[in-house]
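The values are calculated or read from the model by the stated rules, or taken from the named source; none is laboratory data. This structure is a prediction, so every number in the text was calculated from the model and none was measured. Cβ placement follows ideal geometry from the backbone for every residue including glycine, while neighbour counts extend to all protein chains displayed. To get the accessible areas, we keep the full protein, side chains included, count just its heavy atoms, and leave off ligands, DNA and RNA. Shrake-Rupley method; radii C 1.70, N 1.55, O 1.52, S 1.80 Å.
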Amino acid sequence: MVIKKLVRGLSALSLALVPLLSAPAAQAAPTAEVTTLADAVGLVQATQDDRAGYTRSSFKHWNSGEDTSGGCNTRNEVLISEAVVAPTVETGCKLTGGTWISYYDGQEVTSARALDIDHMVPLAEAWDSGASTWTAARREAYANDQEAHTSLVAVTARTNRADQDPADWMPPSPDAQCRYVGEWVATKLRWQLTADTRELETLKAYADGPCEDTAVRYTPAA
């Protein structure tokens, strides 16, 4: 009798363990990577740019944002999150008041309409660097990426450069340049984008020179 009870107990324990053993493991969320700028630049794959077939409409933006019930699109959500003095959000997500600091040039801005939301790595540059092979859904996710605070930035319209990489354009404020290079590389690594030879040479020059102490933090995009 004792033996039978022991067998039944072991059988019940085995059955209880079956769901645990057979259940699929939960997918781990991507972990943040932190490295030096020099090491981060070394992780960016080198290829030649190819803009063939690019159109801005290939990247759907702005979409309904992270809070789809709030009535604000991605552009306005970024403006709200980056304001140093919060704007008033009126019906239809109209923003009034508020203050922003455009870090590219250090300018204080008090009108949301005077700001552009800049893609840290411009859409055309992303296309050149690998996004041409993505699905439309992934390009939309890239164009509206708020999960990484470095992907989209509110800046004065005059500093929103047109589709240039650091080999051809840098923020006019010297104090902003190391931050800019670090965030550029972080975005490239987050989205597994490549870089051409001139771009990599420029990034290496900053990494080995004035920005050698800059840290790069990124989380690979899902």
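Residue 147 label point, 7 Å along Cα→Cβ, cut-off 17 Å on backbone N: hits in region 69-97?
So the set is 74.
Taking a 1.4 Å probe, which of 119, 149 shows the most accessible area, and what order do the others take after it?
Largest accessible area first, the residues go 149, 119.
Show me, for region 145-158, the HN-Hα J-couplings you get by feeding each phi into the Karplus relation (A = 6.51, B = -1.76, C = 1.60, θ = phi - 60°), rounded to Hz, glycine and proline as x.
So the Karplus estimates, Gly and Pro as x, are 6, 10, 5, 10, 5, 8, 6, 10, 9, 7, 9, 4, 4, 5 Hz.
Which log10 I(q)/I(0) values does region 102-179 give at q = 0.13, 0.25, 0.26 Å⁻¹ under the Debye formula, counting every alpha carbon as one identical point scatterer?
-0.43, -1.27, -1.32
Could you give the length gained by full extension between residue 86 and residue 204, i.e. 0.36 nm per residue of separation minus their alpha carbon distance, to one decimal place?
Numbers: separation 118, 0.36 × 118 = 42.48 nm, distance 3.76 nm.
Stretched fully, the residue 86-residue 204 segment lengthens by 38.7 nm.
Please report, as a whole percent, how much of the solvent-accessible surface of the chain comes from carbon and sulfur atoms (probe radius 1.4 Å). Show your work: numbers first, answer last.
On the way: 6530 of 12300 Å².
Roughly 53 percent, rounded to a whole number.
In square angstrom, rounded to the nearest 10, how much accessible surface does residue 197 have for a 1.4 Å probe?
70 Å²
Jot down the radius of gyration and Dmax of region 127-222, Cα atoms only, both in angstrom.
13.5, 38
Taking only C-alpha pairs under 8 Å that are 6+ residues apart, what is the relative contact order of the chain in percent? Don't jump to the answer; show the numbers that get you there.
On the way: 330 pairs, mean separation 66.2, N = 222.
About 30 percent, as a whole number.
Compute the orientation-averaged projected area for the chain from the convex hull of its Cα atoms and round it to one decimal in nm². Mind dumping the intermediate values first?
Numbers: hull surface 74.0 nm².
Averaged projected area of the chain's Cα convex hull equals 18.5 nm².
Please compute the modelled spin-label separation between residue 69 and residue 217, points set 7 Å along Cα→Cβ, answer in nm with one decimal.
Taking the two extended label points, one gets 3.0 nm.
Full-extension gain between residue 31 and residue 60, please, as 0.36 nm times their residue separation minus the C-alpha to C-alpha distance.
Values: separation 29, 0.36 × 29 = 10.44 nm, distance 2.70 nm.
Stretched fully, the residue 31-residue 60 segment lengthens by 7.7 nm.
Given a 1.4 Å probe and the protein chains all in place, what does the accessible area of residue 156 round to, in Å² to the nearest 10?
Roll a 1.4 Å probe over it and residue 156 shows about 20 Å².
Would you check the accessible area of residue 66, probe 1.4 Å, heavy atoms only, in square angstrom rounded to 10?
Its accessible surface works out to 120 Å², give or take rounding.
For the pair residue 197/residue 137, report the inter-label distance in nm, with labels modelled 7 Å from Cα in the Cβ direction.
3.9 nm
Any idea of the accessible area per residue across the chain, 1.4 Å probe, to the nearest Å²?
Details: 12300 Å² over 222 residues.
Here the residues of the chain average 55 Å² of exposed surface.
How many angstrom separate the Cα center of region 55-70 from the Cα center of region 142-188?
19 Å
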